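Take a look at the structure set out below.
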Amino acid sequence: MSNIDELTRYGIVHLVPILQADSMEYMEKLFETLHPKTFLEIGTAIARTSIACATILDDVKIVTIEKNPEMASVARQNILNSGFADRITLIEGDAREVEVPDWKYDMIFIDAAKGQYQRFFERYSPMLNEGGLIVSDNMFFHGLVEHPERTNNRHTKGLIKRVQRYRDFLDQHPDYETTILEVGDGLALTRRKDDSHV
Ligand code: SAH
Ligand code: MG
């Protein structure tokens, strides 16, 4: 399994929370226009986005982190099959604590445990290159951030609060500027403020 359509099909059949179709399309546009040379992804799943990135950009270096060992093993196999193993480094472990190559990243994509986004942001934003972009997925949390009354589940309610808190954190951050796009499940685009003066 290696081409993007097959990965998409696998993701849907196995209920893997891969990016929604329009978010995937948007990410591909970002790869094409921004040409990141380095891309860090928090939450690999089956490596569909990383493989899509390497398909579009033949000089990109990708680091992608996955905590779930079964998911990581599917991802590892997919990366091998894709032929991009030289450009995609999969790191298995918890993104809150694993060691990652100490590079400057042109693009960072946060798409993992929704309760941990602020931790991920605080840990990885110092690795953002000047002029770089941080993308965070699931800012609507399936519409629940706007309509928290739609669930009675306490765990879900807790996650809704944390997504909302992360959005407030981004919004109020003195050093970063964020726009939330109504694409898929909500994509936040974040840039460092002083970048706009360069
Ligand atoms: N980025 C993928 C989808 C990721 S789904 C895509 O675009 O297709 C979210 C993934 O994050 C899941 O596979 C989950 O196991 C992983 N994850 C959750 N918490 C994590 C953590 N703390 N560190 C690393 N990966 C994590
Ligand atoms: Mg997501």
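The values are calculated or read from the model by the stated rules, or taken from the named source; none is laboratory data. What you see is a predicted model, and the numbers here were worked out from it, not measured in a lab. Quick reminder, even Gly has a Cβ in these numbers, built from the backbone with ideal geometry, and neighbours come from all protein chains shown. With ligands, DNA and RNA removed, areas are computed over all heavy atoms of the protein, side chains included. Shrake-Rupley method; radii C 1.70, N 1.55, O 1.52, S 1.80 Å.
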Those GluC sites (Glu not before Pro) from region 97-171 that are DSSP loop and have at most 10 other Cβ neighbours within 10 Å turn out to be E97, E99
Heavy-atom accessible area with a 1.4 angstrom probe orders M139, M127, most exposed first, as M127, M139
For region 4-195, with all protein chains present and a 1.4 Å probe, just round the carbon and sulfur fraction of the accessible area to a whole percent. 48 percent
Express as a percent, rounded to the nearest 5, the fraction of DSSP beta bridges in the chain (both residues included) that run antiparallel. 30 percent
In what sequence, highest mean first, do 100-111, 43-54, 24-35 appear when ranked by Cβ atoms within 10 angstrom? 43-54, 100-111, 24-35
On the full set of protein chains, 1.4 Å probe, figure out the accessible area of R9 and give it in Å² to the nearest 10. 150 Å²
Average accessible area per residue (Å²) across the chain - probe 1.4 Å, nucleic acids and ligands excluded: 51 Å²
Can you tally the lysine pairs in the chain where the Cα-Cα distance is under 27 Å and the two residues are eight or more apart, or on different chains? 23
Dipole in debye (nearest 20) - the chain, about Cα centre, beta carbon charges: Lys, Arg +1; Asp, Glu -1: 660 debye
